[in-house]
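Worksheet: the structure to be examined is printed underneath.
The values are calculated or read from the model by the stated rules, or taken from the named source; none is laboratory data. Since the structure is predicted, the reported quantities are computational estimates derived from the model, not experimental observations. A quick note on method: Cβ atoms are made from the backbone with ideal geometry, for glycine too, and the neighbour counts reach across all protein chains shown. Areas reflect the complete protein model, heavy atoms only, side chains present, ligands, DNA and RNA absent. Shrake-Rupley method; radii C 1.70, N 1.55, O 1.52, S 1.80 Å.
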Amino acid sequence: MGNSTDPNSIAGNMAAGNVATDSDIINGDRYLSAGDEETSSIQRFDVDSELELQDMDDIASIITTLAIPNHHDISPLREGLFIFFICLSQLITQASVAQTIIGGTFIAKTFGVEGIAGEESWFTASFSLTVGTFILISGRLGDMYGYKFMYLVGYGWYAVTSLAVGFSSYGKSTVVFSIMRALQGMGPAITMPNSQAILGSYYPPSLKKNIYMCLFGAIAPGGFVLGALFTSMFSELVRWPWTFWLAGIVAGVAAVGAFFIIPQHIGIAHNSPGSFDYWGSLAGVTGLVLINFAWNQGPNVGWDTPYVYVLLIVGFLALVAFYFIEQRVSHPIVPREALKGDTGFVLGCIAAGWSCFGIWIYYIFRWILVVDGKSSVMAAVYSIPTLIMGYVAALSTAYLLQHVPLAFVLLLAMCAFLIASIVAGTMHTHQIYWLQKFVSFLIGPFGMDMSFPAGCVLLSDSLPREQQGIAGSLVSTFVNYSIAIGLGIAGTVEFYVTKDREPSMETTIKGIKAAQAMGMGMAGCGILLSAFFLYKQLRRRADKSEKDMSEHEIPLTKSETTP
């Protein structure tokens with residue numbers, strides 16, 4: 001077969017029964033392997049000269065048809081199951097967060113550390129640390145080895161480590177438990193960005209893609225609620241390890257089902273291990289881990305402890321090294337294209353809003369469990385409104401993204417974060433549930449399920465299909481890492497507000513309110529940033545309209561101006 005190939009021949013080959021099995025990008029050339037059970041042929045495409053396509057999106061639209069079945073041919077039933085398995089990764093991630101937020105007291109009793117805040121905080125912080133850190137590189141691994149493959153690897157890893165977390169209860173060591181929780185967090189760190197990448201590479205920009213991206217975000221509150229309900233029931237009626245064993249079993253079954261349901265050859269697998277940025281990954285992961293550790297350990301041992309601020313400084317130096325490494329490698333973990341244009345504003349808003357979210361969700365449950373003295377089951381029941389409102393927010397976002405500037409959606413999300421925090425941070429003791437807690441649980445999901453899909457859609461549409469893993473990992477890194485850092489900052493505020501006061505319920509309430517105030521400040525920063533972003537977008541649209549009008553204006557001739 002000759003080197004020159006018409007794009008129309010691709011459709012002809014597919015119509016004749018040939019199916020593409022792989023694609024690689026090497027030095028600007030795209031290689032597509034097409035074949036059936038009996039034969040295979042290699043078609044070589046030179047992007048610059050032989051295809052003569054004006055836009056890489058034309059090639060990307062061809063590549064989306066290589067999945068078996070593609071987004072045109074997939075049956076409604078299989079597509080529904082496909083989206084279910086993709087969203088399940090989000091559900092399991094958020095359920096895992098609830099496992100120790102709701103069940104932390106029971107776990108602390110098992111290890112004999114009940115009431116020791118520093119020990120209990122690491123039950124959740126260790127999981128968030130690895131989720132927020134290793135997401136950074138797992139998206140790139142998906143770009144190299146295939147999104148579906150990495151998705152299944154993540155589920156397998158999560159299944160095994162979840163079982164290990166449950167069995168660590170027999171060891172009577174919080175260190176072993178926290179290590180197992182950290183290893184468990186690496187599973188969602190792999191599945192989350194590759195789930196988003198599967199959606200981003202399978203569907204072209206469209207309303208359907210926006211809806212599915214929004215549904216992926218909408219499942220988060222439901223995942224947390226389900227995790228909270230099962231954790232509280234198992235902890236009170238059986239034993240808390242069963243919540244981890246059940247999670248491992250579910251993940252194992254999901255991996256088997258997803259293997260058969262998710263279309264084959266989905267996305268683009270480079271199969272080029274040499275293109276992985278090892279030094280950048282080492283510097284980036286090291287920096288994120290050390291900064292996260294320092295921020296969460298500082299409130300427990302005090303910021304005057306030397307190793308805390310030393311690790312923080314080393315962490316920032318590692319991120320500086322990561323920046324310079326990324327400027328010089330050919331295949332960076334974070335491509336320069338991903339940080340151009342509006343991406344910086346979007347990621348900044350996500351960082352501010354989700355830092356606020358982490359503080360809001362942690363301290364509102366702490367208030368319910370400690371100040372109100374409610375059981376873990378009742379605390380989980382209180383959060384049920386978030387499940388319903390998450391879907392309302394997601395569907396509203398899918399509609400708004402088609403009709404209003406993305407910055408406006410982010411502004412609404414930041415306002416939701418702020419209002420939910422204000423309502424939760426101004427609660428009083430002996431209050432009924434419906435007065436403020438219910439209202440806060442109604443509003444909070446709008447912040448989550450408007451900001452997350454907006455970021456996913458922007459990054460997915462701005463990066464080529466072969467970098468959808470990076471798009472997914474960048475958004476998820478900011479979301480999960482911001483939650484962890486926000487909690488660390490709020491914990492520091494709580495520590496210094498209460499350290500000179502006698503332990504009492506009044507001191508606990510003062511600390512919770514101070515932490516929620518910190519969350520309000522973060523949401524306020526998000527509002528300012530999104531408002532400026534909206535101003536820029538509106539100004540850009542106005543300038544474009546003026547330019548279009550001036551280009552289409554027809555100058556009058558002298559005869560036409562003469563009466």
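When Val256 is tested against (1) crowded, with 23+ Cβ neighbours inside 10 Å; (2) part of a helix (DSSP H, G or I); (3) not basic (Lys, Arg), only condition (1) is not met.
For segment 157-176, filtering for residues that are part of a helix (DSSP H, G or I), in contact (Cβ under 8 Å) with a residue 24 or more places away in the chain and open to solvent by 30 Å² or more (accessible area, probe 1.4 Å) leaves 4.
Residue under question is Val346, and the condition is that it be at pLDDT below 85 and not in a helix (DSSP H, G or I); does it hold? In short, no. Flag: Leu435 does not match the condition of being surrounded by fewer than 24 Cβ atoms within 10 Å (Cβ to Cβ) and under 29 Å from Ser195 (Cα atoms). All told, Ala218 meets the bar of being at pLDDT below 85, open to solvent by less than 20 Å² (accessible area, probe 1.4 Å) and touching a helix residue (DSSP H, G or I) at 6+ places or on another chain (Cβ under 7 Å).
Of everything in segment 177-203 that's hydroxyl-bearing (Ser, Thr, Tyr) and in contact with a Phe, Trp or Tyr (Cβ under 8 Å, 6 or more places away or on another chain), which residue is surrounded by the fewest Cβ atoms within 10 Å (Cβ to Cβ)? Restricting to residues being hydroxyl-bearing (Ser, Thr, Tyr) and in contact with a Phe, Trp or Tyr (Cβ under 8 Å, 6 or more places away or on another chain), the top hit is Tyr203. Counting only helices (runs of 4 or more DSSP H) that sit completely within segment 449-563, those holding 2 or more residues that are modelled with pLDDT of 70 or more correspond to 468-498, 505-552. Counting just the residues of segment 481-533 that are open to solvent by 40 Å² or more (accessible area, probe 1.4 Å) and of a type in the set (Asp, Glu), which one comes out nearest to the chain's Cα centre (by Cα)? In this case the residue turns out to be Glu506. Flag: Ile107 matches the condition of being modelled with pLDDT of 85 or more, among the β-branched types (Val, Ile, Thr), within 30 Å of Tyr363 (Cα to Cα) and assigned to a helix (DSSP H, G or I). Does Phe417 satisfy the condition of being of a type outside the set (Gly, Ala, Ser), touching a helix residue (DSSP H, G or I) at 6+ places or on another chain (Cβ under 7 Å), part of a helix (DSSP H, G or I) and within 20 Å of Arg366 (Cβ to Cβ)? So Phe417 passes the test.
Restricting the first member to segment 515-531 and to residues that are within 14 Å of Tyr363 (Cβ to Cβ) and of a type in the set (S, T, N, Q), and the second to residues that are open to solvent by 40 Å² or more (accessible area, probe 1.4 Å) and modelled with pLDDT of 90 or more, the beta-carbon pairs closer than 9 Å and six or more apart or on different chains are Gln516/Ile422; Gln516/Thr426.
Just so you know, in segment 116-135 the residues that are open to solvent by 20 Å² or more (accessible area, probe 1.4 Å) and under 14 Å from Tyr362 (Cα atoms) include one that is modelled with the lowest pLDDT, and it is Ala117. The lone criterion from (1) closer than 17 Å to Phe224 by Cα; (2) in contact (Cβ under 8 Å) with a residue 12 or more places away in the chain left unmet by Thr397 is number (1). Evaluate the following for Met150: is it aliphatic (A, V, I, L, M) and touching a residue at least 60 places away in the same chain (Cβ under 8 Å)? Spelling it out, Met150 is indeed aliphatic (A, V, I, L, M) and touching a residue at least 60 places away in the same chain (Cβ under 8 Å).
Matching residues to (1) part of a helix (DSSP H, G or I); (2) modelled with pLDDT under 80; (3) surrounded by 24 or more Cβ atoms within 10 Å (Cβ to Cβ):
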position: Pro205; (1), (2), (3): no, yes, no
position: Met213; (1), (2), (3): yes, yes, yes
position: Phe224; (1), (2), (3): yes, no, yes
position: Trp245; (1), (2), (3): yes, no, no
position: Phe260; (1), (2), (3): yes, no, no
position: Gly274; (1), (2), (3): yes, yes, no
